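Visitor: My structure is below; once you've seen it, I'll send some questions.
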Amino acid sequence: MTAPFIVGIGGTTRPGSSGEKALRVTLGHAERAGARTQLFGGAELAGLPLYAPEKPERNAAEVALVEAVRQADGLLIATPGYHGGVSGLVKNALDLLEDLRGDERPYLDGRAVGCVVVAAGWQGCGVTLSALRDIVHALRGWPTPLGVTINTVAVQAFAPGGECTDPATDAGLATLAGQVLHFARATVSLRGPTAGVPA
């Protein structure tokens, strides 16, 4: 069976943000379990123009994101919790997926989506995770049973180099990766490999 292709989307304008570290760790777990992955981190998301539905022209960065998601068997999305919702940076990237509305698999249809939220407090974690799940549902994706929340006030989960130093957080991110992969493998086996997926 072709290895599932998992796309990660998330991060902030700040290099080395906790959300992007969490996303990299989760993608690492997916890779060790046999997936191929591609990351669109904070730098890539910050380079995207503001989504404007009346302007159909797309630059190279926008095309790269849309095409990767088009070919993806599953996704991982990580966002900071800003005032009870996902960040504008992440939301702008997800708004761009409107370009997939006319596909055979429209939007995130048939794809498992693992959600990660990083916030300074449990309330921000919880309400933002709920908001992110609602967005995934609206895009016809399948949020995994587990969503991972990281309260940066309660735990320092990552070393400066990006390694996850908190066993409970690492276990949660590994489980999240496993759930996305389990669903992805099931759907890939049903429909067959997707043409044009990056090797």
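The values are calculated or read from the model by the stated rules, or taken from the named source; none is laboratory data. No experiment lies behind these values; they were computed from the predicted model shown. Cβ sites come from the backbone with ideal geometry, for glycine too, and all protein chains shown count toward neighbours.
Visitor: List the number of the failed condition for residue 99; all other conditions in (1) in contact with a strand residue (DSSP E or B) (Cβ under 8 Å, 6 or more places away or on another chain); (2) modelled with pLDDT of 95 or more hold.
Guide: For residue 99, the failing item is (1).
Visitor: Only one residue in 88, 47, 28, 8 is touching a Lys or Arg at 6+ places or on another chain (Cβ under 9 Å) and farther than 19 Å from residue 151 by Cβ. Which one?
Guide: Details: 88 fails: touching a Lys or Arg at 6+ places or on another chain (Cβ under 9 Å); 47 fails: touching a Lys or Arg at 6+ places or on another chain (Cβ under 9 Å); 28 fails: touching a Lys or Arg at 6+ places or on another chain (Cβ under 9 Å).
Checking each option against the conditions leaves just 8.
Visitor: Residue by residue through region 47-99, note down the ones that are in a helix (DSSP H, G or I), within 15 Å of residue 135 (Cβ to Cβ) and of a type outside the set (Gly, Ala, Ser).
Guide: Kept after step one, since they are in a helix (DSSP H, G or I), are these residues of region 47-99: 60-71, 88-99.
Checking which are within 15 Å of residue 135 (Cβ to Cβ) leaves us with 69, 88-98.
Result: 69, 89, 90, 91, 92, 94, 95, 96, 97, 98.
Visitor: With (1) surrounded by 17 or more Cβ atoms within 10 Å (Cβ to Cβ); (2) touching a Leu at 6+ places or on another chain (Cβ under 7 Å); (3) of a type outside the set (Lys, Arg); (4) at pLDDT 95 or above as the list, and residue 106 as the residue in question, which single condition is left unmet?
Guide: For residue 106, the failing item is (1).
Visitor: Would region 148-156 turn up any residue that is in a helix (DSSP H, G or I) and either polar (S, T, N, Q) or within 14 Å of the chain's Cα centre (by Cα) (or both)?
Guide: Initially, region 148-156 is screened for residues in a helix (DSSP H, G or I), giving none.
Checking region 148-156: not a single residue is in a helix (DSSP H, G or I) and either polar (S, T, N, Q) or within 14 Å of the chain's Cα centre (by Cα) (or both).
Visitor: Turning to a different aspect of this structure: Please pick out the residue among 110, 81, 114, 85 that is more than 21 Å from residue 45 (Cα to Cα) and touching a residue at least 12 places away in the same chain (Cβ under 8 Å).
Guide: Exactly one of 110, 81, 114, 85 is more than 21 Å from residue 45 (Cα to Cα) and touching a residue at least 12 places away in the same chain (Cβ under 8 Å), namely 110.
Visitor: Mind checking which residues of region 109-127 are in contact with a Ser or Thr (Cβ under 9 Å, 6 or more places away or on another chain), surrounded by fewer than 20 Cβ atoms within 10 Å (Cβ to Cβ), of a type outside the set (Phe, Trp, Tyr) and assigned to a helix (DSSP H, G or I)?
Guide: Passing the criteria: only 126.
Visitor: If residue 132 satisfies all but one of (1) touching a residue at least 24 places away in the same chain (Cβ under 8 Å); (2) in a helix (DSSP H, G or I); (3) farther than 21 Å from residue 181 by Cβ, what's the number of the condition it fails?
Guide: If we test residue 132 against (1) touching a residue at least 24 places away in the same chain (Cβ under 8 Å); (2) in a helix (DSSP H, G or I); (3) farther than 21 Å from residue 181 by Cβ, just (3) comes out false.
Visitor: Can you pull out every residue in region 24-63 that is touching a strand residue (DSSP E or B) at 6+ places or on another chain (Cβ under 8 Å) and among the aliphatic types (A, V, I, L, M)?
Guide: Selection gives 25, 27, 30, 35, 39, 45.
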